[in-house]
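Worksheet: one structure, shown below.
The values are calculated or read from the model by the stated rules, or taken from the named source; none is laboratory data. All values derive from a computational prediction rather than experimental measurement. Cβ: placed from backbone, ideal geometry, glycine included. Neighbour counts: every protein chain shown.
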Amino acid sequence: MKRRVDTTCPYCGVGCGVSALVHDQQVIAVEGSARHPANRGRLCVKGSALHETLDPQARLLQPSVRGETVDWSTAINEVATGLRQVIKEHGPDSVAFYVSGQLLTEDYYVANKLMKGFIGSSNIDTNSRLCMSSAVAAQKRAFGSDTVPAHYDDLELADLLVLTGSNAAWTHPVLFQRMMAARTAAQEAGAPDKRMVVIDPRRTATAESADLHLAIRPGTDAVLFNGLLVWLHQRGITNAAYIKRHTQGFAETLATAQQTAGSVAAVAQACAVPVQDIVQFYEWAAETPNMVTFYSMGINQSTSGVDKAQSIINVHLATGRIGKPGAAPFSITGQPNAMGGREVGGLANQLAAHMNWDNPDDINRVERFWRAPNMAREAGLNATDLFSAVGEGRIKAIWIMATNPVVSMPDADRVRAALAQCDLVIVSDCMQHTDTLDMAHIRLPATGWSEKDGTVTNSERRISRQRALVKPLGEAQHDWWIITQVAHAMGFGASFPYQQPVDIFREHAQLSAYENNATRDFDLSLYADISTAEYDAMAPMQWPITAKAPMGTARLFGDGQFFTPEGKARLFPIVPRRPVAEANPEQSHFVLNTGRLRDQWHTMTRTGLAERLDQHAPEPRVSVHPDDAEALGVSPDGWLNLATLGDQPTGELKARVVLSTTQRRGELFMPIHWTHQNSRHGRVGALIPTAIDPISGQPELKHAVVQARVWQPQQQGMLWCRQPLPNPPWDTWLMRTVGGITVYQFAAERALALDAPLETWLRDEWPYGELLQRFDDATNGMTRVLWGQGNRIEALVWFGPTMPQPDIAWVANCLQADTISAPDRRDLLAGRSGGQEDAGPTVCSCHQVGEYRIRHAIQHEGLTTVAALGKALKCGTQCGSCIPDLQRLISTSVESVKSD
Amino acid sequence: MVKPNETVVQDMSPHEGNVRDDTISPHEHWVIVGHGMAAQRLLEELHDPLTHRKRQDVSITIISGEPVGGYNRIGLSDVLAGKRTLAELTPQQIHSQHLPNCQWLQGWVMAIDRTAQTVRLSDGGLLPYDRLILSTGSSALLPELPGINGQGIQAFRTAADTEGLMALPANASVIVVGGGLLGIEAAVGLAGRGVNVALVHRGAWLMNRQLDALSGDWLAEALTSRGIRVYLNSTVAEIARDEREDMQGVILQTGEQLDAAHAVFAMGVKPNVDLAQRAGVAVADGIEVDDQMITSDPAIYALGECVSHRGVQFGLVGPLYEQAAVLARVLVANRDHIACDARYEGTVVATHLKVSGVPVYSAGDIDPAQESLVWQDLPKRHYKRLFLKEGRLVGVVLYGDISDGGFYHDLIQQQVDIRAWREHLIFGAAHCTGNVERNNKPQAISQKPYSAAA
């Protein structure tokens, strides 16, 4: 029976509603949920492919301990015993959880409670540290609370949209579509122009759509916003009354801004942007009270991320442009439930329910609420420090849930090394293979999207239900269930009585309301007694959700009341800081920026399973300005080897270049998605040294300085085969799945597979195969080999001095079939269909002209004599022995035309 | 068979008469010596220009040594293999039905008197000519071996040779000497008739002028599977005969004797140049002709297998036909005393055969020392090798799938620069001529050599 179920998308922070069509235990289609306020029926390409990513083959389906498949009770016991043992010997701070914005709020809540209240440590951090911890810290400093004040409608209501550090067109496509649609609608209605300014070192797809693009020098955002503050103040646009009544710190903030960005000329110079462009931006900001500044990773992933966000907030506070329709600073998260994680206290420097370590009353309150026997008293280690502690042996057991730090962390190779020597690595994941899972002693199969059931919060504070659509595969269990079972096994059962997600959500809502009295922004008091039925039917709603605001709260701070002790927002003087690493162009140093591609998500564990998402950018290329490429001497399809600087290089990466004038000179861009599962030397995280914001602890993932050198592989090629290889033999490679066939793209510094070794290797890998076809261009060092048995192909290998350009999908399609058609077989080593129509049985042997070809000529080209055919097709012009056949074809074909 | 000393006159013209007096009239008489495929094609090529204006100012006499002229000699293999009959090879009598003033004689030309512009026929008659066309063809080479002269030894050149082979009993044993195109066709044709065949070839692989080692080996395997015993690197040292001079077999240079009562020699041909040589016409290996097929005597032309053009002789039909086309235009223009720009500038020779269901194609220069592209499908026994020189295709060997033979032949002939699509070349016309729409790939050959057929 088919059912429609409303749920939410598991990808970005937009948090779109998804309407899933489910047939028995199969999600057969998805579409945007028209009722969900975030997307109103829209979905991006990633969300539209959700049902294509539910590949049972890719799932982790059974718990295992040190390689042995075990049942759940054994696995839970092993985890509990392991943790207890370490705690007993080394204290609670010797264990850590590293969790994820992929978890649902309920999962998150239980993990946080177990660690902070019962194990007695705060060493629980989340991959949100890499995503928006700077935004959190800036909001807490400025507002006294981690509050996103805005509503998505503000993106449409704003007359000036400033996007900084955001390629929303690719990373938050549905919001970007909403912005663009609002601009178009305003134009069509003859309303005053809605303008968009994009601030980004790269001319991204987002920047292409903007009215003004400021391609600033990386890391100079705070100069630009300090300058804006000065400009607005000089022109009397700052709101003196608002400043006086609702803020503090303006004078010092302005003074510092004047010192650091006192003139447009100074700003232009610091940002490396023409003066007139700066002036244009400032003028528009001056004349447009309805201004939203939308910011994301380009601001957050920085050693001065908190200050950059603060410089934005400073401008909004000084002009009173906050908490109003169409006016706000607007931090957008990258993950589907980064906000939910913040609500439960998923970061090491958060407590729970927007309560804080620096307030002893908060600690006491949470302790009482939880009846916590081992309440932690202070903030724990942030992600980078946490993995350092693992590497140094201070943390001896770590439980990683639903995230892939071996790929995503800076110094990613160091993270791997740390895990490799850790006594106990527990990993919960829904996927069978990830770089992190490969390091685990205990593997716990978790449920994934379509099975998980709970709530998520999007970037506008909207809590939505993510619903279970199908039963869990194999023995997969919900993360909250796994953590709860471990809590029970550790002896904390009474405090973890959860039977279903609503039990957890109710407690979470109760904690948010507990002794709140409007002192904390995060308040779900209306849900404190929520029933299962109400929970199941819950509509998407923005917190606070209270008796006073039973339909939720669209915007905060419209009343000028903030959650600081004084009730006033804090402006904070910002001295702009450059990124820590400086490039020396003389030594081929480049600034490396990183980010998402349009159709991929994080480390591709999910999006990598949907082939159509692979087509936009099937290969991680390093974007380089053509002039830099020329200076380096790298050809348009050539390779660069990127390496970290310093005495102890932490990593290297090899990638082909893509020449792009959207890059500034001296800067490179690499996508973040490739991992050790699908590449060698494709993990950009291995290239990024650890440099963190001193306040938020967020790493500077968008500004690494690397050395670029031309890499000249002697051999490049491709391999199609049916299963991934245990040990791909090349220096560097990428792997993906096309049409069910595994495709490798590889390069080798020295020519590897010459005759005998190639066949030996093929025979070792596929012993039942034999050489079926081979194409050699010895002069050019090019070889293509088809290996298999009969009509079943096991492997197709191409290599040569340059990367071949076959029709990869066509070849994969041919290979997937158990029997290959004759023309396909002939074309396989050509790498594309010849597209030649079957010419039919040969009539003229001398000139190889087939019957169908001749009939076509007779019937459709007016060639109705032997001589005419001979002139056009050459048939019958040599030995002439086919002339009677030609005459027969002419008479029969002409008749058939007549009878038509 | 007609003996050389007889001449049979077959009157096919309303304007009969052996000897004409041309001195008082602008009428010209052309004599064509030999009626093989080249001469036949020449007649066909002359048909249009000579009939177009209903001109009556040329008469032609064609003299054929064989009782049937102009038949399709290439088809003899099919006849031997039982796929066609001799009658099917005989041309439509275009010269008799449509060409004005054409007569056909069976007989032999014994001598040419270039001063008198006459030829002497085997019956003693004299035939004057205004223009003489020599298309005397070639003869099979017979090596000088002990026992070579005697019964049991024959060539495979003519309809008569073919009839002789077809008359052999099914259980006969035949040695075919020569593993070239003709020898293989003879061997396969005979084997197909149930004859016990051994094929003796002195090369390291079959068709070693047209194939490379791998394709030659594959071909040998294919013949073996047809019951033909193939002896490579083997030469015949002697014909074994008994005391009655009956043939017993051949003795190889290794001393091994292969028993058989018949041997077919297909070791190549030599141009028939004696007639020309005796008349003092310049002869190298063949009768020397310029690009208009004119010999050292401006009244004498030559074409076909008897000529040497730019130092090259020809054994395949393609170049002969091109020569015929040029010569027809030259003859008519010369007759009319007008300039003619027709030139024969040589031909890239292509060979193809289909034996045992194995099509083989070869063209151009296949020197193994050259750069080459190689493709093979081992289970299907398909093979392609393309030989390149300075960015151009110069030679090709195809085995199993020869459907792109014509495409490659044109590329060789037209010397097309193939560098831009070298990677696709071996996959054939469909991958090179714009049939495949790909933005990043070359769309078409500029000269579109295959456009007519693709």
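For this structure, a couple of remarks:
- Residues (more than 19 Å from the chain's Cα centre (by Cα), part of a strand (DSSP E or B) and more than 10 Å from chain A (Cβ to nearest Cβ)) located in the range B:347-375: B:V358
- A:K194 fulfils the conditions (1) of a type outside the set (A, V, I, L, M); (2) modelled with pLDDT under 95; (3) farther than 18 Å from A:P325 by Cα; (4) buried (at least 20 other Cβ atoms within 10 Å of the Cβ) except for a single criterion, (3).
- Listed by first and then second residue, the pairs with beta-carbon distance under 8 Å, at least 6 apart or on different chains, first residue in the range A:239-265 and in the same structural domain as A:Q310 (by TED's automatic domain parsing), second surrounded by 14 or more Cβ atoms within 10 Å (Cβ to Cβ) and assigned to a strand (DSSP E or B), are A:H246/A:A569; A:T247/A:A569; A:T247/A:R570; A:Q248/A:A569; A:Q248/A:R570; A:G249/A:R570.
- Residue in the range B:305-324 that is assigned by TED's automatic domain parsing to the domain that holds B:Y129, touching a residue at least 60 places away in the same chain (Cβ under 8 Å) and either of a type in the set (D, E) or over 24 Å from B:I74 (Cα atoms) (or both) present: yes
- Of all residues making up the range A:566-605, the number that are farther than 25 Å from A:Q663 by Cα and not β-branched (V, I, T): 8
- Taking the criterion of being within 9 Å of chain A (Cβ to nearest Cβ) and either in a helix (DSSP H, G or I) or without any contact (Cβ under 8 Å) to a residue 12 or more places away in the chain (or both), the residues of the range B:412-428 that qualify are B:R422, B:E423, B:H424.
- In the range A:320-367, the residues that are among the polar types (S, T, N, Q), at pLDDT 95 or above and in contact with a Phe, Trp or Tyr (Cβ under 8 Å, 6 or more places away or on another chain): A:S331
- Test result for A:Q716, closer than 16 Å to A:G831 by Cα, within 14 Å of chain B (Cβ to nearest Cβ) and touching a Ser or Thr at 6+ places or on another chain (Cβ under 9 Å): yes
- Take the conditions (1) over 15 Å from A:A348 (Cβ atoms); (2) at pLDDT 95 or above; A:K116 misses just one of them, which is (1).
- Any hit, the range A:623-636, residues being crowded, with 20+ Cβ neighbours inside 10 Å, hydrophobic (A, V, I, L, M, F, W, C) and closer than 20 Å to A:R596 by Cα: yes
- Selection status of A:S450, in contact with a Ser or Thr (Cβ under 9 Å, 6 or more places away or on another chain) and among the small types (G, A, S): yes
- Inspection of the range A:156-165 identifies at least one residue that is surrounded by 24 or more Cβ atoms within 10 Å (Cβ to Cβ) and farther than 23 Å from A:L556 by Cα.
- Test result for A:L155, within 23 Å of the chain's Cα centre (by Cα), in a strand (DSSP E or B) and in contact (Cβ under 8 Å) with a residue 60 or more places away in the chain: no
- Cβ pairs under 6 Å, 6+ apart, first in the range B:327-345 and within 24 Å of B:S308 (Cβ to Cβ), second acidic (D, E) and in a loop (DSSP other than H, G, I, E, B): B:R343/B:D291; B:Y344/B:D291
- Looking at A:E667, A:E700, just one residue is crowded, with 22+ Cβ neighbours inside 10 Å, within 20 Å of A:P201 (Cβ to Cβ) and in the same structural domain as A:H589 (by TED's automatic domain parsing), and that residue is A:E700.
- Filtered by the rule that a residue be free of Cβ contacts under 8 Å to residues at least 40 places away in the same chain and either closer than 27 Å to B:R73 by Cα or in a strand (DSSP E or B) (or both), the range B:111-141 gives B:T118, B:R120.
- Residue identified as part of a helix (DSSP H, G or I) and of a type in the set (A, V, I, L, M, F, W, C) among B:A276, B:A240, B:A263: B:A276
- Enumeration of residues in the range A:845-877 that are more than 10 Å from chain B (Cβ to nearest Cβ), at pLDDT below 85 and under 23 Å from B:D401 (Cβ atoms): A:E851, A:Y852, A:H856, A:G876
- Summed over the range B:204-219, residues that are under 11 Å from B:I184 (Cβ atoms) and surrounded by fewer than 22 Cβ atoms within 10 Å (Cβ to Cβ) total 0.
- Screening A:T650, A:T644 for residues that are polar (S, T, N, Q), surrounded by 17 or more Cβ atoms within 10 Å (Cβ to Cβ) and at pLDDT below 75 leaves exactly one candidate, A:T650.
- Residue list for the range B:129-142, filter: surrounded by fewer than 19 Cβ atoms within 10 Å (Cβ to Cβ) and farther than 22 Å from B:L190 by Cα: B:D130
- Any chance B:A324 is within 13 Å of chain A (Cβ to nearest Cβ), surrounded by 22 or more Cβ atoms within 10 Å (Cβ to Cβ), under 20 Å from B:G180 (Cβ atoms) and touching a Gly at 6+ places or on another chain (Cβ under 9 Å): no
- Some residue of the range A:71-79 being among the β-branched types (V, I, T) and under 30 Å from A:G345 (Cβ atoms): yes
- Residues (closer than 21 Å to B:E423 by Cα and charged (D, E, K, R)) located in the range A:806-833: A:D807, A:D824, A:R825, A:R826, A:D827, A:R832
- Per-region count, the range B:376-411, residues more than 8 Å from every other protein chain (Cβ to nearest Cβ) and among the acidic types (D, E): 2
- Unique match (being crowded, with 22+ Cβ neighbours inside 10 Å and within 30 Å of A:I545 (Cβ to Cβ)) among A:A412, A:A402, A:A440: A:A402
- Unmet requirement for A:G788, which otherwise passes all of (1) in contact with a strand residue (DSSP E or B) (Cβ under 6 Å, 6 or more places away or on another chain); (2) closer than 25 Å to A:G682 by Cβ; (3) within 13 Å of another protein chain (Cβ to nearest Cβ): (2)
- Considering each residue of the range B:295-312 in turn, at least one proves to be surrounded by fewer than 19 Cβ atoms within 10 Å (Cβ to Cβ), modelled with pLDDT of 95 or more and of a type in the set (S, T, Y).
- Of all residues in the range A:764-782, those satisfying the criterion of being surrounded by 18 or more Cβ atoms within 10 Å (Cβ to Cβ) and more than 10 Å from chain B (Cβ to nearest Cβ) are A:E765, A:W766, A:G769.
- Scanning the range A:574-612 for residues that are among the β-branched types (V, I, T) and either part of a loop (DSSP other than H, G, I, E, B) or in contact with a helix residue (DSSP H, G or I) (Cβ under 6 Å, 6 or more places away or on another chain) (or both) gives A:I574, A:V575, A:V580, A:T594, A:T603, A:T605, A:T607.
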